[in-house]
Structure formats: C-alpha cells, structure tokens
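The values are calculated or read from the model by the stated rules, or taken from the named source; none is laboratory data. In this text, all values refer to a predicted model and were calculated from it rather than measured experimentally. Don't worry about glycine lacking a Cβ; one is built from the backbone with ideal geometry, like all the others, and counts go over all protein chains shown. To get the accessible areas, we keep the full protein, side chains included, count just its heavy atoms, and leave off ligands, DNA and RNA. Shrake-Rupley method; radii C 1.70, N 1.55, O 1.52, S 1.80 Å.
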Amino acid sequence: MSARNNDTYDVVGIGFGPSNLSLAISLEEHHANVLTNPVTSAFFERQPQFGWHRNMLLPSATMQISFLKDLVTFRNPVSRFSFVSFLHAQGRLAQFVNRKDFFPTRQEFHQYLEWAESSMTNVVTYNSSVTAIRRPPPGAEAPDCVQIEVRDTTDGSTRRVNAHNVVISTGLEPRMPDGVVRGERVWHSSEFLAQYHRAQPAQLKSVAVVGAGQSAAEITKFFHTQLPHAQVHAVFPSYGYSIADDTPFANQIFDAAAVDDYYYGDDPTREAFWRYHRNTNYGVVDNADIRALYQIAYDEDVSHTKRLHFHNQTKVKSVTADGHTARVLLERLDGAQRELGVDAIVFATGYATMDPTHLLGDLDRYCLRDESGHHRVTRDYRLVTTPELTCGIYLQGGTEHTHGLTSSLLSNIAVRSGEIADAVIKGRTERELAAAAAQVLQTADKSA
Ligand SMILES: Cc1cc2nc3c(=O)[nH]c(=O)nc-3n(C[C@H](O)[C@H](O)[C@H](O)COP(=O)(O)OP(=O)(O)OC[C@H]3O[C@@H](n4cnc5c(N)ncnc54)[C@H](O)[C@@H]3O)c2cc1C
C-alpha cells in the first residue's frame with residue numbers, strides 16, 4: 001500500500017509492530033461486520049518489512065506469554081487471525097498441542113505475526129518514518145485533522161497525510177548506561193543478532209554480557225553455546241539472577257480486568273502493583289534459563305574447564321573501544337576494580353518506556369499533564385487535550401502510569417486495540433451526526 005500525499009484517513013497509525021497490527025485487524029473485523037462506510041486507515045512503519053524484535057530471535061527462546069494472548073483471541077475468540085488459525089493453516093495444530101506447552105518459541109510467534117501481517121499489507125507503508133505530527137496550517141483542506149509528516153527512508157522524500165485520529169505505537173527505546181556509547185564492539189541487546197553476525201563469530205574469543213534480566217540470560221546462554229572457543233563473562237549488580245514470577249495469582253496483573261483496577265485505583269493501589277509485582281516482568285529470568293546457566297557453570301567446575309564467568313554484585317564503570325576490542329572496567333559493590341579485555345560486550349540493560357513527547361512536538365502543548373508531569377490519558381488510551389485539539393491522539397505503549405504493567409507488553413493488545421477501535425468508531429459516528437445536524441440547521445436557515 002502507498003498512502004498518497006494529502007490523503008485523509010479516519011486513523012493513522014505510527015509504527016506497525018504487534019500493537020498497531022492488532023489495531024489494523026480490529027478495524028478490518030469491524031468492517032467485515034458492518035460492510036458499509038469502512039473506517040479508513042493508514043499505518044506507517046520505518047522498517048523495510050514487518051519485524052518484531054528480530055535481533056533477539058535467538059534459537060529456542062520462548063515467549064513470556066501464552067499463545068492464547070495473541071493479536072485477537074481475548075477480544076474475538078472466533079477471529080481468523082488467531083494463533084490457533086495460524087497453526088491450522090501451517091498444518092501444525094496437532095503437533096503444537098502434543099507439546100502440551102502454552103509457550104511457543106519467539107521464532108514461531110514471529111512467523112505467526114508475519115502470517116497475520118500478510119493479510120494487512122493494504123493498510124501499511126514500510127520504509128516510512130513519521131517525523132512530526134502538526135496542527136494543519138490555516139486554510140488547510142482538512143482543518144479538523146492533524147497533519148502527519150512521513151519521511152521515506154529510501155530516498156528521504158517527505159509526504160503529509162491528514163488524520164482524524166492518530167495512534168502512536170512506536171515501542172520501547174533501548175537504554176544504555178550513562179556514559180557508555182554503542183559502537184562496533186559495544187552493543188545493546190536490541191541490535192544483538194545483526195551485530196553478532198557482522199562481527200564474524202569465530203573471532204569472538206572473549207565476550208561479556210551486562211544485565212540480569214531475561215535478554216541478558218538468553219544472550220549469555222547463546223554465546224556459551226555458539227562460541228565453544230570463547231570465554232563468556234556475565235556481569236550484573238545483583239547477587240544472582242532472580243526468577244520471573246508467572247504463577248497464577250501474580251499472572252492476574254496481566255488480565256484485561258487489571259487495567260481497570262489500576263486505572264481507577266488510587267495512588268497507593270497503583271504503587272502496590274509495581275511494588276509487589278514488578279518481578280513478573282522486569283529484571284527477572286525464566287526458571288528454566290536460570291537452571292540451565294547454573295548447570296553449565298556447575299558442569300564446568302566438575303570438569304575444570306571454566307569459561308562461563310559470573311561477576312555478580314558488579315557494575316561496569318567504563319568501556320573504552322579499542323579497534324576490534326573493548327576494555328571494560330568492572331567495579332564490585334565493595335569497590336574492588338578489575339579490567340577485562342573483550343571482543344564484544346552486550347548491554348542487556350533494558351528499555352525506556354515509549355514517550356510521545358518528541359513526536360508530538362509543538363502539539364504537545366495541547367496535551368494535558370498530571371502533577372508528576374506525565375501525560376493525562378483517558379481509559380480508552382486517548383491523550384487528554386485542550387478543547388482546541390479535536391482530533392484523537394491515542395497511545396499503545398507509554399501508559400504505565402495510567403494503565404499499568406501491560407502497557408508495553410503483548411498480554412493485553414487484543415483487548416486494548418479493540419477498545420481504541422471502538423473509541424475511534426464512536427468518535428466518527430458523533431462527528432458524522434454533528435455534521436448532519438449542522439447540515440439540517442443550514443438548510444432550515446436557508447429556507448426560513
Ligand atoms: C526481546 C524482547 C522480547 C519480548 N517478549 C515479550 C513477550 O514474550 N511477551 C510480552 O508480552 N512482551 C514481550 N516483549 C515486550 C514488547 O514490548 C512487546 O513484545 C511488543 O513489541 C510491543 O509491541 P508494539 O507494537 O507496541 O511495539 P514494537 O514491537 O516495538 O513496535 C513498534 C514499531 O514502531 C516502529 N517505529 C518506531 N518509531 C517509528 C516512527 N517514528 N515512524 C514509523 N515507525 C516507527 C518500530 O520500527 C517498530 O516496528 C518483548 C520485548 C523484547 C525486547
């Protein structure tokens with residue numbers, strides 16, 4: 001699909017990861033139900049093709065959520081876009097069930113997302129980075145819309161489209177420790193596989209991974225398996241890896257109902273969500289991965305072949321790139337320092353939550369904020385704006401402060417994107433009714 005300059009849409013989506021893919025499907029399913037007057041939509045994605053954290057599609061890494069928390073099932077269990085439909089289409093449904101395991105590999109889930117995306121190519125334009133959202137200039141063709149500026153990443157050309165509603169879903173932002181600069185041998189986990197293959201793995205004789213979360217554990221395991229000739233250093237500030245709590249009561253915080261409990265809860269209630277349940281997702285590791293790493297270390301102790309080294313209660317003080325290597329200064333909590341020379345160091349140091357401020361630019365001054373400086377957001381994920389701004393600006397992500405822990409996760413995307421689609425459709429109906437009423441009044445005025 002190629003959205004043309006100056007086209008006007010009911011919905012423009014920025015980013016086409018799982019969240020906006022789920023929204024596109026929700027709008028498509030709405031249209032299939034009503035058949036007339038489709039909600040017009042266009043989605044812009046800066047990548048050249050669909051991709052979900054491609055650089056972390058490590059062999060046999062598994063999903064952190066059940067396959068039933070796919071793009072649609074919790075909103076519409078009979079959708080043709082479910083993971084079960086995908087398995088059926090691949091001729092793998094029986095085999096999947098025989099595994100007796102709720103958690104597909106990330107590679108298989110990626111295939112599922114690509115399969116769903118292949119039915120949505122009519123609404124998405126790739127190689128398209130949204131660079132700004134603006135109020136239309138005076139006298140513009142669509143004065144009640146916002147203007148979206150889109151840069152073609154292949155030739156740098158720019159076009160503008162108009163939108164009655166914008167849904168921002170640009171995802172998490174990779175986070176490096178202060179003072180550490182990415183480079184040829186200094187990587188963030190979000191770029192891992194691309195950098196790893198570029199670096200000629202046979203030449204990686206000593207590598208380090210910083211962090212104690214799921215990505216750190218996965219990369220450490222990957223290095224150890226893939227580089228049998230290499231010394232592998234795991235550096236983390238905690239005493240050891242902590243387990244991700246995915247037991248049933250804790251798991252309820254990812255239910256759609258928990259969004260209401262969080263949204264309508266008071267400050268102490270919300271704070272308790274984070275205090276008690278942060279360990280369901282942040283800085284924690286799957287039980288199986290923790291055990292696998294421990295077993296590797298134990299086996300190496302037994303066979304006196306140590307090459308997996310844990311530097312616990314340790315932080316990286318500085319990194320100096322030195323040609324094809326990096327010098328890493330480590331500091332233990334007790335102040336003891338040691339230097340490591342490595343051929344590559346990976347910072348699995350997490351991500352910052354999505355923040356739409358930059359993209360909103362000047363438009364941000366119409367968006368209201370709470371006492372802590374966060375954007376105010378309605379229950380249906382719409383930014384609260386001053387009355388001058390009549391267009392809807394919705395967020396998929398970046399609403400941890402209002403909607404809780406699922407904001408940047410997959411758990412609730414089927415329900416959330418349905419709620420946003422409903423809000424957009426309701427808004428359009430109200431707009432059309434208001435326009436019809438204005439027309440009637442105008443006609444009545446003329447004939448009076
Ligand atoms: C390695 C890894 C594994 C994960 N596994 C799980 C899991 O198992 N379960 C779970 O619940 N969560 C998981 N997560 C959390 C993750 O946030 C979600 O899986 C998911 O990616 C959220 O989808 P999204 O569409 O909101 O964001 P993203 O998937 O990040 O998609 C955002 C898209 O927007 C595009 N974009 C950004 N800026 C622009 C712009 N200006 N113009 C155009 N396009 C733009 C990006 O290229 C990207 O494709 C994982 C995260 C990581 C990093």
Restricting the stretch 384-400 to residues that are at pLDDT below 95 and among the hydrophobic types (A, V, I, L, M, F, W, C), the one nearest to the chain's Cα centre (by Cα) turns out to be CYS391
Expected single match for surrounded by fewer than 19 Cβ atoms within 10 Å (Cβ to Cβ) and outside the structural domain of ALA414 (by TED's automatic domain parsing) among VAL316, VAL285, VAL209, VAL302 is VAL302
Filtering the stretch 333-367 down to residues that are open to solvent by 60 Å² or more (accessible area, probe 1.4 Å) and either among the polar types (S, T, N, Q) or more than 19 Å from PHE192 (Cβ to Cβ) (or both) yields LEU333, ASP334, GLN337, ARG338, GLU339, THR353, ASP355, HIS358, ASP362, ARG365
Conditions (1) away from the ligand (no atom under 16 Å from the Cβ); (2) over 18 Å from HIS277 (Cβ atoms) -> PHE192 fails only (1)
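Determine which member of the set HIS403, HIS358 is in the same structural domain as HIS30 (by TED's automatic domain parsing), within 22 Å of the chain's Cα centre (by Cα) and without any contact (Cβ under 8 Å) to a residue 24 or more places away in the chain.
HIS358
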By residue number, the members of the stretch 389-419 that are part of a helix (DSSP H, G or I), within 12 Å of the ligand (Cβ to nearest atom) and aliphatic (A, V, I, L, M) are LEU405, ILE413, ALA414
Among helices (runs of 4 or more DSSP H) entirely inside the stretch 1-104, those with 3 or more residues being open to solvent by less than 30 Å² (accessible area, probe 1.4 Å) and within 14 Å of the ligand (Cβ to nearest atom) are 18-34
